[in-house]
Amino acid sequence: MPKILLAGGAGYIGSHTAVELLNTGYEVIVADNYSNSSSEAIRRVELLTSKSVKLYQADVRDKKALSEIFSGNKIDAVIHFAGLKAVGESVEKPIMYYRNNIDTTLSLLETMQEYGVKNIIFSSSATVYGEANPVPYLETMKRGACTNPYGWTKSMMEQIFEDAAKADKKLSVILLRYFNPIGAHESGMIGEAPQGIPNNLMPYVTQVAVGKRECLTIFGNDYPTPDGTCTRDYIHVVDLAKGHVKAIEYILDNHCMEIFNLGTGTPYSVTEIVETFERVNNVKVNHVYGARRAGDLAECYANADKALKVLGWKTEKTLEDMCRDSWNWQKNNPDGYI
Ligand code: NAD
Ligand code: WQD
């Protein structure tokens, strides 16, 4: 079976993707520097699948470390998850974000060129649509002006991939634009383990529900949306992981430079998330309505038709599943991977 290198594969989305790839029969190699993860996630992936993963502790910017990985394994395709992703931190430390995110991409592309590896799938984000495009977002829309350095790193890396594919006729690239991944594997063995105060909504909700934090602040209830709170396209991380398997199957069979939205196409508001979480899990989530958060858009959701048409992929899990599985993970692992 083909060998897939997951750069940043010990993280939240990478670990779930590893499970789906292994269950489909692919061989998985992971390179991660654990800057936002731990090897425990991969140990659990192995337990869950009864398969083994070849694990390298490596900084993906480090070409010497990459050379060792590429020379020791005949890699068929790379999925590039490695990156820093906290929006607020990227505003405080833009240089660190540009250095880490862009260098990982350049080092991977250079090493792939050196070893003749021709297929790469990149973790991009809905954030590249920027502020001006109307929802639902379509892959044919132009990338917009991003509201923070994190978003700009994704936008710039998309440009780098497009230019590299134009210049190298044998290079195949798939840019996957994720919407808002939440949830966890239904076993409760792997999930999202943010360090410190969570930036994202669902980990904050679960930490309030479990008693680690006192109260969720819902950022703004005066948006032009049905209930005044922002709407997002929340996607179950296992559905998202399965989208990567479809993308791998496609890229191994087709020479391509393609962009796919990975979302459900259905927006839910922050209030709907909190209410659904409370209902399906029968727990209370203390919350108050506060001021808007700088940089938030009122609405963000995908047109997900292209992924269905070309990859034969669509989401299967419901918002109830997302809330149930997020809670199951949090309850079983109140302090993450320790
Ligand atoms: P994550 O932080 O859990 O995973 C990223 C992994 O990359 C971590 O394990 C981290 O240790 C590793 N990493 C970072 N820099 C590295 C480096 N220089 N060398 C080696 N490893 C490095 O985040 P995630 O939620 O799993 O996201 C995966 C990718 O998807 C990221 O690129 C992120 O920007 C992108 N993305 C995430 C979301 C989201 O909401 N989670 C949405 C859109 C796009
Ligand atoms: C969701 C909604 C908040 C926390 C970010 C990145 C995006 C992508 C996904 C990587 C918003 C509200 C949140 C809280 C709240 N990441 N909220 N109280 O901002 O849609 O997207 O993660 O690429 O690029 O920007 O996700 O989970 O932070 O927020 O009311 O304590 O929840 O205002 O409406 P966001 P999020």
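The values are calculated or read from the model by the stated rules, or taken from the named source; none is laboratory data. Just so it is clear, the model here is predicted, and its values are computed rather than measured. Methodologically, a virtual Cβ is constructed for each residue, glycine included, from the backbone with ideal geometry; neighbour enumeration extends over all protein chains shown. In case anyone asks, the SASA skips ligands and DNA or RNA and just uses the protein heavy atoms, side chains included. Shrake-Rupley method; radii C 1.70, N 1.55, O 1.52, S 1.80 Å.
Would you give the gap between the C-alpha center of region 238-256 and the C-alpha center of region 172-195, rounded to a whole Å? Between the Cα centre of region 238-256 and that of region 172-195, the gap is 15 Å.
Averaged over its residues, the chain has an accessible area of 43 Å² per residue, based on protein heavy atoms and a 1.4 Å probe. Computed with every protein chain present, the accessible area of Met257 is close to 70 Å² [probe 1.4 Å]. One quarter of the convex hull surface built on the alpha carbon atoms of the chain amounts to 15.6 nm², the projected area averaged over directions. Please give me the summed charge of the neighbours of Asn180: other residues whose Cβ is under 9 Å from its Cβ, Lys and Arg +1, Asp and Glu -1. Combined, the nearby Lys, Arg, Asp and Glu give 0. Expressed per residue, the C-alpha convex hull volume of region 1-96 stands at 91 Å³.
Is the shape of region 69-163 best called rounded, prolate or oblate, per the rule: a/c under 1.5 gives rounded, else a/b larger than b/c gives prolate, else oblate, with a ≥ b ≥ c the square roots of the Cα gyration tensor eigenvalues? It would help to have the intermediate numbers written out before the result.
Numbers: a/c = 2.76, a/b = 1.57, b/c = 1.76.
In terms of gyration-tensor shape, oblate.
Relative to the longest principal axis of the Cα atoms of the chain, the long axis of helix 319-332 lies at roughly 80 degrees. DSSP beta bridges fully contained in the chain are about 5 percent antiparallel. Accessible area per residue was computed with a 1.4 Å probe on protein heavy atoms; Tyr34 scores about 50 Å².
Which pairs in the list Lys85/Lys154; Lys142/Lys317; Lys74/Lys170; Lys3/Lys242; Lys242/Lys309 are over 19 Å apart, alpha-carbon to alpha-carbon? Mind dumping the intermediate values first?
On the way: Lys85/Lys154 10 Å; Lys142/Lys317 29 Å; Lys74/Lys170 17 Å; Lys3/Lys242 17 Å; Lys242/Lys309 15 Å.
In this structure, Lys142/Lys317 exceed 19 Å between Cα atoms.
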